[in-house]
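Enquirer: Take this structure, written in structure tokens, and hold onto it; I'll ask about it next.
The values are calculated or read from the model by the stated rules, or taken from the named source; none is laboratory data. What you are looking at is a predicted structure, and each value in this text was computed from that prediction instead of being measured. Don't worry about glycine lacking a Cβ; one is built from the backbone with ideal geometry, like all the others, and counts go over all protein chains shown. For the accessible areas, the whole protein counts, side chains as well, though only heavy atoms, and no ligand, DNA or RNA atoms are used. Shrake-Rupley method; radii C 1.70, N 1.55, O 1.52, S 1.80 Å.
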Amino acid sequence: MKYIEFVNNIIKNEVSKHEKLVLFGQNIAAGSCLGGLTRGYPIPPNGKIINSTNSENSLCGFGFGMMMNGTSSVFFMKQLDFLLLSIDHLVNTFNIIRNHENTASFTVFPIVVDNGFQGPQSSFNSFGDFCSIARIDGYTITNSIDAEKIIQSKLVTSGFRIIAVSQRLFKEEIIEPEKLIYVNDNLDVFQYDEGNDVTVVCFNFSFPYGKKIVEKLKEKNFSCSLFNVNSPSLANWSKIISDVSKTKKLIVVDDSKSANLNCYHLISDVTEHVQLDKKIVLTRKIDDSKWLIPVDDQMEINFEEIVNNITNS
């Protein structure tokens, strides 16, 4: 099953469980339904589906207003870029109401356009910046396990959060990890493999890359621990630090375009507790001269070089 089909089905099932839930966003029940993300959603019992205008600042205010008045809602967005128009609400409105006892839920659910050749207003792959600006809870969807757990637990629950999906992965087969070894209480750190030689940690939507690195290292008889950090901001990664203290080798992958990458916070915390034998940090190489033109937006990783670097150390 494709990534987008899997996510769509999980949301359909979750939406059907909640009464008086309002789903809204531009063309969420018309046209392409946001590339299939919102296709076929059932109208929640005593709830509504609203094809709204394209006015993100007003729509975020709409969602916060409903939350304050006891109505839960999900705002599905065509792309993360347009959430920039709602910064005032994300910071000032949220900070005013965040400490109120709100039993209702408001979730913003944007698509991160990270598949390339989209132009300057459709490539803002910096999810963590939105979450850090007002300490907003955020979650990325990367595989079948985190999709189920995050959507079922976080899509409609009291308070405010942002859950994001990757447009790059829409047409890819959903990754189905063989097992889940560990997940923390807030669902922001997942562990899918455990080994004694190398710790691999993925951020943003880089899980497919990290999984491939682990597979390549296993071919060389290296056992790896594989983690995914689903929060784009600070998370409780004590389990990761504990694992690195055993392996002494750390590989981090972060495909966000932000200048304030979450992986650097992890690396800082790890090096405070562990004397590493090997550290490999894989991040984007941004060419400023091509920032505003449609280009191939794929993160380039030399898997053979990484494996040689680890196996020869």
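Enquirer: Picking from ASP254, ASP287, ASP277, which residue would you name as being surrounded by 12 or more Cβ atoms within 10 Å (Cβ to Cβ) and assigned by the TED database to the domain that holds CYS202?
Expert: Answer to the check: ASP254.
Enquirer: Tally up the residues in the range 200-247 that are part of a loop (DSSP other than H, G, I, E, B) and buried (at least 17 other Cβ atoms within 10 Å of the Cβ), please.
Expert: Residues meeting the conditions: 10.
Enquirer: Please tell me if ASP137 is under 16 Å from the mean Cα position of the chain (by Cα) and open to solvent by 60 Å² or more (accessible area, probe 1.4 Å).
Expert: Answer is yes for this residue.
Enquirer: Restricted to the range 140-152, and to residues that are assigned to a loop (DSSP other than H, G, I, E, B) and of a type in the set (S, T, N, Q), which residue is surrounded by the fewest Cβ atoms within 10 Å (Cβ to Cβ)?
Expert: The extreme case among them is ASN143.
Enquirer: Continuing with the same structure: Looking only at the range 182-199, which residues are closer than 12 Å to CYS224 by Cβ and either open to solvent by less than 30 Å² (accessible area, probe 1.4 Å) or part of a strand (DSSP E or B) (or both)?
Expert: Across the range 182-199, the qualifying residues are GLN191, TYR192, ASP193, GLY195, VAL198, THR199.
Enquirer: Go through the range 264-274 and report how many residues are in contact with a Phe, Trp or Tyr (Cβ under 9 Å, 6 or more places away or on another chain) and open to solvent by 10 Å² or more (accessible area, probe 1.4 Å).
Expert: 2
Enquirer: Of the residues PHE76, PHE82, PHE106, PHE62, which single one is farther than 24 Å from THR140 by Cβ and buried (at least 18 other Cβ atoms within 10 Å of the Cβ)?
Expert: Step by step, each of PHE76, PHE82, PHE106, PHE62 is checked, and only PHE62 is farther than 24 Å from THR140 by Cβ and buried (at least 18 other Cβ atoms within 10 Å of the Cβ).
Enquirer: Open to solvent by 20 Å² or more (accessible area, probe 1.4 Å) and closer than 13 Å to CYS202 by Cα: which single residue out of LEU261, LEU282 fits that description?
Expert: LEU282
Enquirer: Would you pick out the residues in the range 59-107 that are charged (D, E, K, R) and not in a helix (DSSP H, G or I)?
Expert: Answer for the range 59-107, where residues must be charged (D, E, K, R) and not in a helix (DSSP H, G or I): LYS78, ARG98, GLU101.
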